[in-house]
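Structure record follows, encoded as structure tokens.
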Amino acid sequence: MTPHLHRQFPELTETLPHLVLGKSPTPVRLLSSLDTVGADLWLKDDGAFGDGGWGGNKVRKLEWLLPDALRQGRTTIVTVGGLGTNWGLATALYGRENGLKTVLALIDQPEDDHVRAQLARLRASGATLIFTHTKARTILRAPIILARNFSGRRPPYLLPAGGSSPVGALGYVEAALELADQVRNGELPEPTHIVAPLGSGGTVAGLSLGLRLAGLSTRVVGVVVNDTLRLDESAISRLADRAAGVLRDRGARLPADISPTGNLEIVTGYLGTGYGHPTMEATTAQTLSEDLEHLTLEPVYTAKSMAAVLELNAQGRFGGGPVVFLNTNGPR
Ligand SMILES: Cc1ncc(COP(=O)(O)O)c(C=O)c1O
């Protein structure tokens, strides 16, 4: 399967390698029981992306990150996440399948059954786990962790939380081009808005750039669910610009006026006490999604994002719509 990025920019075929890890396009459907007030609400279900073992938005990023690491001759990925990190687990599992070791620095987050189960999966994944507890201690220990994971003269492949490097964001440039193709094929109407959780920024930044490359005027609404990173409009725009920079550096002839983000809206007010802390609105949104649409969300990212969609839609914030809710939560 040739990715849309290579189809739109054939000059990237050799310079920007891609590894198929998930089945695309991911399905879209109308969530008719959840849009009783406001604009029509559609689902793009990236939970279906992945090999059925562990999926979601992380896998889209890994499709570009793993081959980039391999192309540079790296043998180990060093990355960071919370104790229940979905990102860390996906990296460990898909990395291992592709001959890459993973070293994870883990930062404390509120422990519940979900987090404890994740931690057990992380221990079984073969990744090296380093409990750094806080962001400050992670930064302090980073030079030692990096130094210990050289392979000969090659440094490890270092990735930020959530895989939200410029190369990782390309996973959602690809997803935006895929969505545009689904619109062209008549699978769904052109959305006025697409809503996604904003955890480390790669998903929303990639969508923002990808929709512009696809020529859609759809606005990207990022719902802030993390208070440990800077996730304002300028940070996300900068990440989108850096992703565009990767495409240019690898030879893609992008339109000159692609840089100004313009299509990005950051929504706050749905985080609750902090990253990983439950909110009542999210619990309600999770139950409604499960009961009315058989859509399984999780509390940290997607339930908070759905809580935002339902409230903003009821307030008429999306105008006539239609609105797409992006499910980033992979199967368990
Ligand atoms: C289920 C889920 N949704 C959303 C996100 C956040 O996406 P991003 O980090 O690209 O902002 C994550 C991050 O790991 C996640 O696990």
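The values are calculated or read from the model by the stated rules, or taken from the named source; none is laboratory data. Predicted model, so just to flag it, every value in this text is computed and none were measured. Cβ sites come from the backbone with ideal geometry, for glycine too, and all protein chains shown count toward neighbours. The accessibility values were calculated without ligands, DNA or RNA, using every heavy atom of the protein model including side chains. Shrake-Rupley method; radii C 1.70, N 1.55, O 1.52, S 1.80 Å.
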*Summing +1 for each Lys or Arg and -1 for each Asp or Glu, what net charge is found among the other residues whose Cβ lies under 12 Å from the Cβ of Gly22?*
-2
*Express in nm, to one decimal, how much length is gained between Leu19 and Ala235 on full extension, taking 0.36 nm for each residue of separation and deducting their alpha carbon distance.*
75.0 nm
*asked:* Report the gain in length on full extension from Glu265 to Arg7: 0.36 nm times residue separation, minus Cα-Cα distance, nm rounded to one decimal.
replied: 90.0 nm
*Write down the accessible area per residue of the chain in Å², having rolled a 1.4 Å probe over the full set of protein chains.*
41 Å²
*Residues Arg184 and Leu254, FRET efficiency given R0 of 22 Å [Cβ-Cβ distance, rounded to 0.05]*: 0.60
*Pop out the ³J(HN,Hα) list for segment 80-89 in order, Karplus 6.51 cos²θ - 1.76 cosθ + 1.60 with θ = phi - 60°, rounded to Hz; leave Gly and Pro as x.*
9, x, x, 4, x, 4, 5, 4, x, 5
*Which cross-chain or sequence-distant (5 or more) residues have an amide H under 5 Å from the amide H of Trp42, H modelled 1.01 Å from N in plane?*
Leu31, Val323, Val324, Phe325
*Specify whether the C-alpha gyration tensor of segment 118-167 places it in the rounded, prolate or oblate class, a ≥ b ≥ c being the square roots of the eigenvalues: rounded for a/c under 1.5, otherwise prolate if a/b is larger than b/c and oblate if not.*
rounded
*Take the alpha carbon atoms of segment 34-124, find their radius of gyration, then divide it by 2.2 N^0.38 Å using N residues; give the quotient.*
1.30
*In debye, nearest 20: dipole of the chain around its Cα centre with unit charges on the Cβ of K, R (+) and D, E (-)?*
1600 debye
*Amide proton proximity set for Thr102, modelled H, under 5 Å, gap of 5+*: Ile77, Thr128
*Which one of Ile130, Met280, Ala175 is farthest out on the positive end of the charge dipole of the chain, using unit charges on Cβ (Lys, Arg +1; Asp, Glu -1) and the Cα centre as origin?*
Ile130
*Loop GluC sites (Glu not before Pro), segment 1-88 (other Cβ atoms within 10 Å of the site Cβ: 11 or fewer; DSSP)*: Glu14
*Note the count of lysine pairs whose C-alpha atoms are less than 22 angstrom apart in the chain, limited to pairs 8 or more residues apart or on different chains.*
11
*In the chain, what % of DSSP beta bridges are antiparallel (nearest 5)?*
15 percent
*Just order 27-36, 110-119, 204-213, 81-90 by mean Cβ neighbour count inside 10 Å, highest at the front, would you?*
204-213, 81-90, 27-36, 110-119
*Please get the size of the charge dipole for segment 229-279, origin at its Cα centre, with Cβ charges of +1 on Lys and Arg and -1 on Asp and Glu, quoted in debye to the nearest 20.*
260 debye
*How big is the gap, in Å, between the Cα center of segment 62-114 and the Cα center of segment 6-54?*
21 Å
_Net dipole in debye of segment 26-70 [+1 Lys, Arg Cβ; -1 Asp, Glu Cβ; about Cα centre; nearest 20]_ = 60 debye
*In the chain, carbon and sulfur make up what percent of the accessible area (probe 1.4 Å)?*
54 percent
*Assuming a ≥ b ≥ c are the square roots of the Cα gyration tensor eigenvalues, decide whether the chain counts as rounded (a/c under 1.5), prolate (otherwise, with a/b larger than b/c) or oblate.*
oblate
_Run the paramagnetic zone check for Val37: 7 angstrom along Cα to Cβ, then residues of segment 292-322 with backbone nitrogen under 19 Å._
292-293, 304-322
